[in-house]
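Colleague: Can you keep this structure in mind? I'll have questions shortly.
The values are calculated or read from the model by the stated rules, or taken from the named source; none is laboratory data. Every value quoted in this text rests on a predicted model; they were computed, and no experiment measured them. All Cβ positions, even for glycine, are placed from backbone atoms using ideal geometry, and neighbour counts span all protein chains on display.
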């Protein structure tokens, strides 16, 4: 899952500017200094920080479900290429979680 990025010239950008969710021509950082994706848009009822932390919570709830863990382990046991891929993804996932904690 990724956060929506309102690039100039897109419908999302126009909608964000028109609704006051984003200042027009404002420089937006879409990635933190640690390489973690940031929310570019904030809403009156939901701040950029709440969106940022909501994404972290989503990932934790999705990937730490027993059924998902079993699915990943089963894939890894069946194919060596999947083992390497999932281990790389796991390292990246824990880096993401560690960066969010900081």
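Colleague: Among the residues of the range 35-54, how many are within 29 Å of residue 92 (Cβ to Cβ) and more than 13 Å from the chain's Cα centre (by Cα)?
Modeller: Residues in the range 35-54 being within 29 Å of residue 92 (Cβ to Cβ) and more than 13 Å from the chain's Cα centre (by Cα): 5 in total.
Colleague: I'd like the residue in the range 34-61 that is part of a helix (DSSP H, G or I) and in contact (Cβ under 8 Å) with a residue 24 or more places away in the chain and, out of all such residues, is farthest from residue 3 (Cα to Cα).
Modeller: Selected residue: 60.
Colleague: Can I ask one more? Any residue at all in the range 65-86 that's surrounded by fewer than 14 Cβ atoms within 10 Å (Cβ to Cβ), modelled with pLDDT under 85 and not in a helix (DSSP H, G or I)?
Modeller: no
Colleague: Within the range 1-29, track down each residue that is farther than 23 Å from residue 62 by Cα, at pLDDT 80 or above and assigned to a loop (DSSP other than H, G, I, E, B).
Modeller: The answer is 6, 7, 8, 9, 10, 19, 20, 21, 22.
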